[in-house]
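For reference, the structure is listed below as structure tokens.
We did not get these values from a lab; they are worked out from the coordinates using the rules stated. Only a predicted model underlies this, so the values are computations on that prediction, with no experimental measurement involved. With ideal geometry, Cβ positions are generated from the backbone for all residues, glycine too; neighbour counts draw on all protein chains shown.
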Ligand code: GLP
């Protein structure tokens, strides 16, 4: 039965601590279904999904097969979708994905695997899709459909506009969906424009539906699908009409549900300090009124009269929260020496500090804390930037090609025999680039030149912030060097490399990101490795006096109530940061926008009106 807190959720949601726990629970459900059917000599029919979300779930199924003897001999599978025009052996085809992530590791007979055929001709598509529907029917319908959710709220590839009764068909992929796939395909131009997908109608006929979502970047679309009206703009919202659908979420993906975001609206709450700050800033934004102008009736009319009873009247509560917010602002991210630090986000001592900035990929450091790095350096602290991965997967072929060509041509200009080795190296690279084409896999030499491109960008960018070369470190974590986007397999070697640099640098202050990211993303993987490394080095002396500040780079920015340190920037400082960032050729358009948006939040709350703010949250391990 639905609880008071869940009253707005029109699809049952379970918020797990993390994705592993959710996957374990779902895998148990699947194994019970399979075993039950085995006992009565019947098939179990599973609808399967691709994307990074189900990867940990598939790993759990493989574990159940290998360690607990779960057999898939009586299972029939139907995949949701496939890119149109991709050969099954293409590295990004869903066929290959399923083989690599699941089918090659279990005993499911090939003849029981069904994936929409991406290689049929355009004329055959309609019949092929109808045949797919027939096959599902012949198998007795889908017992359990596994789903992820795209950023547009799509299930399968049912982009906005898909009808509730839509069948398996060909669809044009949305711009956002193609952008999300751009990294996997090494550039948006390589992403197919069409796909074959089961329709919403096909999906909704499954007897049971389990949709998984991880990370804060999915939080808003999840809450819209679950709590808002059903709309064809978000195909996942049609699941509200299913009587046995469920969302399995990690804490990040659940964070925008009303019961998590505004719990006071759906029941009584224990008013912790953090919750009070959240409620007051929410009210201020909701009413578009500065905190100091909120009235008793504003609180009463928005389900917060009990807060007033505990901490009111409004006047007093407003001043308390205003001061708290005011105290998060500091132009001294390393602490201000010789000053009373009771109301400052960072402690004054030790001074100077050793600050260690971890960047999962080059450019994370500048995008999120370029201004802060400059201040730290200027204020006399030692700043080390550690790039956790080389970022080579983000460098396009054309950049590598340019460098290889320059190298080759330089030899012609010089005309010297000593150039033989680099010339032949450059020649091999150019040959490989020509041979592999846009879809082919990069060989080690190509990845390495791409890493060098990123390294030189990173060095130039940081030099512009006043950082000396000896303070720039490239860790090139092995999980990344040997892996592919969203399918990384980190291990102890990665953790040891992180422990090594922590022990060597003995920081007083660390900056890290990824806490809210999809666990399969580069930042998400790095954050988990960081947590493990901090636990493994917990007994080392430096940890007794070390604070970690979380920052957000690619992910959803912090909400105003989550910020513990706000480093303001003048127009000149923002400009300097953007100039430094321009050293990165892969920069995205959001740069500068986020910092300005945080400054606007602060302004709306009635605090000083800055040009931009870099925001941090204190990490509690
Ligand atoms: C693609 C797939 C969907 C998947 C979505 C989200 O669009 N067709 O089935 O749910 O991506 O991907 P991810 O799980 O990587 O976030």
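Computed from the Cβ-Cβ distance with R0 of 25 Å, the FRET efficiency linking residue 295 to residue 603 stands at 0.75.
Taking only alpha carbon atoms, the chain gives an Rg to Rh ratio of 0.99, where Rh is the Kirkwood radius. Start at zero, step by 10 Å, and the Cα-Cα distances of segment 554-621 spread as 19, 49, 27, 4 percent across the bins. Per-peptide packing, taken as the mean over residues of other Cβ atoms within 10 Å, places 447-458, 205-216, 268-279 in the sequence 205-216, 447-458, 268-279 from highest down. Centroid-to-centroid, using Cα positions, segment 220-258 and segment 81-127 are 28 Å apart. Summarised as an ellipsoid, segment 432-566 has semi-axes of 29, 18, 18 Å, derived from the eigenvalues of the Cα gyration tensor scaled by 5 and square-rooted, with the largest first. Cut-off 18 Å, label point 7 angstrom out along Cα-to-Cβ of residue 593: give me the residues of segment 147-181 whose amide nitrogen falls inside. Taking a point 7 Å out along Cα→Cβ of residue 593, the residues of segment 147-181 whose backbone N falls under 18 Å are 151-153, 175-181. For segment 17-259, the C-alpha radius of gyration sits at 0.95 times the compact-globule guess of 2.2 N^0.38 Å, with N the residue count. Sorted ascending by nearby beta carbons within 10 Å, beginning with the fewest, 465, 311 become 311, 465. Using equal-weight Cα scatterers in the Debye expression, the normalised intensity of segment 268-328 in log10 at q = 0.16 Å⁻¹ is -0.41. Place a label point 7 angstrom from the Cα of residue 506 along the Cα-to-Cβ direction, then list the residues of segment 540-560 whose backbone nitrogen is under 14 Å away. Label zone hits: 540-546.
Panel note: the C-alpha atoms of segment 159-227, placed on their principal axes, show extents of 37, 31, 19 Å (largest first). For segment 163-317, what number results from the quotient of the Cα radius of gyration and 2.2 N^0.38 Å? Segment 163-317 yields a ratio of 1.40. Pair-distance distribution P(r) for segment 1-108, from all Cα-Cα distances in 10 Å bins starting at 0: 13, 38, 31, 16, 3 percent. Spin-label model, residue 14/residue 315: points 7 Å from Cα along the beta carbon direction are separated by 5.1 nm. Here segment 57-178 is treated as a Stokes sphere of Kirkwood radius computed over C-alpha pairs; at 10 °C and 1.306 mPa s its diffusion coefficient rounds to 100 µm²/s.
Where both partners of a DSSP beta bridge lie in the chain, what percent of those bridges are antiparallel, to the nearest 5? Roughly 30 percent of the DSSP beta bridges within the chain come out antiparallel. The Stokes-Einstein estimate for segment 241-389, based on a Kirkwood radius over Cα pairs and taken at 4 °C with 1.567 mPa s viscosity, is a diffusion coefficient of 69 µm²/s.
Calculated mean residue ellipticity, 222 nm, the chain: -12500 deg cm²/dmol, from DSSP H runs (n ≥ 4) at -39500 (n - 2.57) each, averaged per residue and rounded to 500.
One decimal place: the segment residue 104-residue 452 gains 121.8 nm when fully extended, by the rule 0.36 nm per residue minus the C-alpha distance. For a paramagnetic label modelled on residue 123 (point 7 Å from Cα along Cα→Cβ), amide N atoms under 20 Å away belong, within segment 72-94, to 84-86. The alpha carbon centroids of segment 543-621 and segment 471-539 are separated by 22 Å. Over segment 69-133, the pair-distance histogram of Cα-Cα distances with 10 Å bins from zero comes to 21, 48, 26, 5, 0 percent, rounded to whole numbers.
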